[in-house]
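One structure is given below, encoded as structure tokens.
The values are calculated or read from the model by the stated rules, or taken from the named source; none is laboratory data. Quantities reported herein were computed from a predicted structural model and do not represent experimental measurements. As a convention, Cβ positions derive from the backbone with ideal geometry for all residues, glycine included, and neighbour counts pool all protein chains shown.
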There are 4 protein chains.
Amino acid sequence: MTEPLKSPAPSRIQRRNRARILEAALDVFAQHGYRGATLDQIAESAGLSKPNILYYFAGKEEIHVTLLHQLMDNWLEPLRQLDPDGSPLEELLTYVRRKLEMSQAFPRESRLFANEILQGAPRIAPLLEAELKPLFDGAAALIDRWAGAGAIAQVDGRHLIFSIWATTQHYADFEAQIAKLMGPDAPREGAAEFLNGLYTRALAPDQS
Amino acid sequence: MTEPLKSPAPSRIQRRNRARILEAALDVFAQHGYRGATLDQIAESAGLSKPNILYYFAGKEEIHVTLLHQLMDNWLEPLRQLDPDGSPLEELLTYVRRKLEMSQAFPRESRLFANEILQGAPRIAPLLEAELKPLFDGAAALIDRWAGAGAIAQVDGRHLIFSIWATTQHYADFEAQIAKLMGPDAPREGAAEFLNGLYTRALAPDQS
Amino acid sequence: MTEPLKSPAPSRIQRRNRARILEAALDVFAQHGYRGATLDQIAESAGLSKPNILYYFAGKEEIHVTLLHQLMDNWLEPLRQLDPDGSPLEELLTYVRRKLEMSQAFPRESRLFANEILQGAPRIAPLLEAELKPLFDGAAALIDRWAGAGAIAQVDGRHLIFSIWATTQHYADFEAQIAKLMGPDAPREGAAEFLNGLYTRALAPDQS
Amino acid sequence: MTEPLKSPAPSRIQRRNRARILEAALDVFAQHGYRGATLDQIAESAGLSKPNILYYFAGKEEIHVTLLHQLMDNWLEPLRQLDPDGSPLEELLTYVRRKLEMSQAFPRESRLFANEILQGAPRIAPLLEAELKPLFDGAAALIDRWAGAGAIAQVDGRHLIFSIWATTQHYADFEAQIAKLMGPDAPREGAAEFLNGLYTRALAPDQS
DNA sequence: CATGAATGAGGTTTCATTCAT
DNA sequence: CATGAATGAAACCTCATTCAT
């Protein structure tokens with residue numbers, strides 16, 4: 001995250017090459033998983049030699065961890081924007097929409113994350129605890145307050161968040177399956193509409 | 001020399017050992033992914049020697065494919081039981097419940113499947129086409145008919161199925177994350193209640 | 001040293017191959033040092049494939065440590081045979097002779113040991129403490145008693161032992177230099193005679 | 001372009017940097033051996049960049065050879081000072097004392113040399129032949145003459161020199177072992193006294 | 001005079017698979 | 001039916017050295 005003390009500001013070449021490597025690694029890790037990915041693939045995809053990759057990163061794991069850290073930051077942005085003072089239903093529907101947009105804009109990031117969690121989060125567990133959990137707890141409590149006040153239907157905030165994550169990321173993570181079932185280039189716009197309808201009805205406050 | 005043409009009926013030992021291997025492999029593949037799993041791990045977990053594993057299966061890939069085939073069969077069972085003549089809302093809520101139960105009863109199978117799809121379904125694509133797609137198309141069409149008839153809310157059947165898969169399997173596939181956020185042994189019963197409520201409201205036919 | 005509990009008695013092939021590997025490794029380590037030696041060299045010299053080497057030993061370091069352990073045992077034998085009840089002068093001269101014979105019979109072992117000590121004994125330090133030190137302390141005390149009783153000249157036992165080690169092992173460890181200075185195949189018998197004379201005079205009790 | 005023919009007089013910076021590099025390399029080579037040492041370690045220890053190291057020396061080997069040449073010069077100094085016209089016994093005891101002082105003052109040099117010889121003197125053999133051998137032959141002949149004349153005990157000059165080298169350098173080369181056996185900071189002064197006594201008695205002319 | 005960037009050769013080790021019994 | 005023994009391919013990584021400025 002923060003630059004080590006001694007290192008001088010990275011040169012333009014350094015920034016460009018680090019970016020290239022991370023871009024290539026994202027591709028490879030997202031497709032093959034951590035163990036399935038090889039430095040050879042990353043090097044070839046980045047257009048650099050393998051030892052040169054290791055000139056920029058200490059090893060395979062450091063590349064992976066760097067990606068996960070970067071990802072986590074972006075990943076949490078929509079959650080941070082939940083506004084306690086906004087209209088509850090609108091806020092949540094906006095959250096669903098943003099999350100879906102992110103999954104569609106960054107499917108590789110989503111799959112990278114899914115891969116890591118599937119394997120027990122061996123390299124990202126501390127980050128989950130330190131960064132994700134506080135945000136999650138806050139958001140769940142906010143939703144619970146909204147539900148308690150009758151502004152939305154009676155739902156458990158934590159499970160609601162899980163369901164939003166699941167339904168939106170599904171379009172990135174299970175893309176291979178969806179392509180087989182809906183045709184490879186079927187526009188996935190139906191997803192936004194569907195999820196909007198689903199949560200609109202599911203969250204509408206009780207009519208009593 | 002005078003071997004029977006196809007394959008002799010497997011002995012009891014053979015059946016037991018094949019079962020042991022598959023059981024062990026499920027463990028290992030689900031935890032480490034296909035590439036991350038090693039025959040050594042599988043052999044140790046199965047209590048057999050590595051060459052003996054290869055006596056029963058031609059190679060690592062065959063074990064994996066065998067697992068995927070077995071899995072697919074069970075996996076589709078709930079979908080097959082959707083009854084066109086049943087009460088639409090009840091049928092769908094039952095499907096959600098069964099799917100969630102399966103995820104909780106067979107989390108390793110769910111993760112094995114997720115792993116495979118995440119990596120582009122390289123080994124399971126034909127099965128998806130041959131077995132899953134017909135069922136999926138049928139179920140989606142059924143739901144669309146129900147929606148068209150006003151028996152449930154206006155939803156796109158295909159996306160509804162996706163959302164059910166996503167929300168139920170999430171509890172198995174993202175277990176590591178959920179454990180971090182909810183505590184390691186938090187009972188996940190809230191899930192069934194939440195999903196039941198969610199889909200009950202979301203699928204209720206319009207009140208017009 | 002002692003067999004791990006589970007391992008079955010090693011087969012004849014296993015014993016033969018382990019012996020081959022250790023023999024080859026002794027050659028290579030003694031000549032090039034730990035870091036300078038490569039598994040390739042050891043494998044070629046042993047007539048086995050590189051992975052097969054690693055089938056018998058967990059890694060390069062384990063081979064090295066195994067050699068050091070074996071060596072230490074033989075190395076200490078002459079010291080153990082110092083007889084407190086023997087004639088002091090004869091005992092010490094016999095020790096010198098035996099030590100020299102060992103250096104001439106096992107020059108590779110001597111060089112392997114010297115290499116390890118030169119580099120700070122990183123892998124053998126515990127053994128020095130546990131096995132060598134008690135023997136050393138005992139022998140030094142014995143010599144000090146002999147000197148105190150006037151049976152030999154007034155010498156510090158510890159330094160006497162060091163000098164014996166140094167002078168005898170020198171013929172193995174600095175063989176390359178000696179060959180250059182004395183001719184490659186000069187019989188080194190002069191050494192035994194010289195050292196016998198040296199210590200005979202140096203240790204003769206004072207004539208007072 | 002218009003470079004002077006041979007080499008311009010080295011600037012002050014050049015001399016300082018060459019010295020720094022050699023000082024750092026001595027440290028690293030003495031501790032890890034030739035193969036175990038890396039340019040990175042030397043560069044870091046010298047406070048220079050790796051390419052800069054190679055600006056001053058053509059490669060790793062040249063640094064090593066330069067060190068060996070420097071060392072050899074100092075190393076032989078005590079031998080050169082053996083005075084044929086001095087008192088034989090005193091001359092030899094003085095040689096022992098000087099050699100021991102050098103070992104204690106320059107233990108890294110001693111270990112560097114030992115390392116090189118242990119590995120068969122691949123890089124220093126010509127030097128041994130050209131510089132060491134004549135001196136050695138001369139000194140051995142001198143000692144033999146002294147012995148023949150009855151001025152000292154009957155010893156073989158060549159083996160006597162070996163024994164002096166061995167016993168004095170031992171305190172530098174086997175320091176790790178000695179530290180384990182005598183305690184890490186035990187003053188090693190006993191060594192001088194011991195060796196003086198040893199050679200005094202061993203070299204005293206026969207009383208006949 | 002100095003160095004950030006790059007790389008080819010080679011190091012140890014892992015692993016799926018085959019051999020031979 | 002089972003397994004000790006063996007191996008080729010390829011993985012990650014190190015390191016002396018060169019390039020280009």
* Asked: What about C:Ile143, is it over 13 Å from the mean Cα position of the chain (by Cα) and over 27 Å from C:Asp27 (Cβ atoms)?
  -> yes
* To do: Could you tell me which residue of region A:55-68 is farthest from A:Gly120 (Cα to Cα), considering only residues that are more than 9 Å from DNA strand F (Cβ to nearest atom) and touching a helix residue (DSSP H, G or I) at 6+ places or on another chain (Cβ under 7 Å)?
  => A:Tyr56
* Which of (1) within 12 Å of DNA strand E (Cβ to nearest atom); (2) under 30 Å from D:His170 (Cβ atoms) does D:Asp27 not meet, given it meets every other one? -> (1)
* To do: Kindly check whether there is at least one residue in region D:51-66 that is within 16 Å of DNA strand E (Cβ to nearest atom) and of a type in the set (S, T, N, Q).
  => yes
* Asked: Across region B:36-50, what is the number of residues that are within 11 Å of DNA strand E (Cβ to nearest atom) and over 27 Å from A:Asn115 (Cα atoms)?
  -> 2
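Among the candidates A:Leu67, A:Leu39, single out the residue that is under 13 Å from the mean Cα position of the chain (by Cα), buried (at least 17 other Cβ atoms within 10 Å of the Cβ) and more than 13 Å from chain B (Cβ to nearest Cβ).
Just one listed residue meets the conditions, A:Leu67.
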* Structure fact -> With the first residue restricted to region C:38-58 and required to be within 13 Å of C:Asn17 (Cβ to Cβ) and free of Cβ contacts under 8 Å to residues at least 60 places away in the same chain, and the second required to be within 8 Å of DNA strand F (Cβ to nearest atom) and among the charged types (D, E, K, R), Cβ contacts under 9 Å at 6 or more apart or on different chains are C:Ile42/C:Lys50; C:Ala43/C:Lys50
* Working only within region D:81-123, note down all residues that are small (Gly, Ala, Ser), without any contact (Cβ under 8 Å) to a residue 40 or more places away in the chain and within 11 Å of chain C (Cβ to nearest Cβ). => D:Gly120, D:Ala121
* Does A:Ala25 satisfy the criteria of being surrounded by 14 or more Cβ atoms within 10 Å (Cβ to Cβ) and within 13 Å of DNA strand F (Cβ to nearest atom)? -> yes
* Asked: Looking at this structure, is C:Thr94 at pLDDT 95 or above, away from DNA strand E (no atom under 15 Å from the Cβ) and either assigned by TED's automatic domain parsing to the domain that holds C:Leu132 or surrounded by fewer than 16 Cβ atoms within 10 Å (Cβ to Cβ) (or both)?
  -> yes
* Asked: Has region D:45-54 got at least one residue that is at negative phi, of a type in the set (D, E, K, R) and near DNA strand F (Cβ under 8 Å from one of its atoms)?
  -> yes
